[in-house]
């Protein structure tokens, strides 16, 4: 099920996406499993991405946007021309494992001796 955004969230995401460059290019073969996997990896790394879709058929681009959002659990942010902007929040990182403190002895202080140099 695709993620739903409020109008305020969508407006903020559009502003963030304005400076982005397209990270994935959907070519003439359409949405292949390899392209879908690349979109998934990009969403995991960046949350908000732009996708450039080659082809002149607007309905086909709308269909690609809907399929991407349905398959990957993302939210459509914007569709302008051949550019699609989609968003999916990053998954929460698992907590880092902490290492137990070592039981080493602290380093020994050095003794300084001052001998006359006569």
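A few notes on this one:
- Flag for residue 80 being surrounded by 15 or more Cβ atoms within 10 Å (Cβ to Cβ) and either modelled with pLDDT of 90 or more or closer than 26 Å to residue 13 by Cβ (or both): no
- Of all residues making up segment 83-118, the number that are modelled with pLDDT of 80 or more and part of a loop (DSSP other than H, G, I, E, B): 3
Listed here are the residues, each with its yes/no results for (1) closer than 15 Å to residue 87 by Cβ; (2) surrounded by fewer than 13 Cβ atoms within 10 Å (Cβ to Cβ); (3) at pLDDT 95 or above.
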{"site": "4", "(1), (2), (3)": "yes, yes, no"}
{"site": "7", "(1), (2), (3)": "yes, yes, no"}
{"site": "22", "(1), (2), (3)": "yes, no, no"}
{"site": "29", "(1), (2), (3)": "no, yes, no"}
{"site": "35", "(1), (2), (3)": "no, no, no"}
{"site": "42", "(1), (2), (3)": "yes, no, no"}
{"site": "55", "(1), (2), (3)": "no, no, no"}
{"site": "59", "(1), (2), (3)": "no, yes, no"}
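- A search for C-beta distances below 9 Å between a residue of segment 10-35 that is at positive phi and any residue that is assigned to a helix (DSSP H, G or I) and modelled with pLDDT under 95, counting only pairs 6+ apart in sequence or on different chains, returns 30/60; 30/64.
- Residues of segment 26-63 that turn out to be more than 17 Å from the chain's Cα centre (by Cα), closer than 22 Å to residue 14 by Cα and in a loop (DSSP other than H, G, I, E, B), as a count: 1
- Pairs linking a residue in segment 36-64 that is on the phi > 0 side of the Ramachandran plot and touching a residue at least 12 places away in the same chain (Cβ under 8 Å) to a residue that is surrounded by 14 or more Cβ atoms within 10 Å (Cβ to Cβ) and part of a helix (DSSP H, G or I), with Cβ atoms under 7 Å and 6 or more positions apart or on different chains, are 55/61.
- Boolean, residue 66 is under 26 Å from residue 7 (Cβ atoms), at pLDDT 90 or above, within 21 Å of the chain's Cα centre (by Cα) and part of a helix (DSSP H, G or I): yes
The values are calculated or read from the model by the stated rules, or taken from the named source; none is laboratory data. Being a predicted model, the structure only gives us computed values, none of them experimental. Counting neighbours? That spans all protein chains shown, and the Cβs are built from the backbone with ideal geometry, glycine included.
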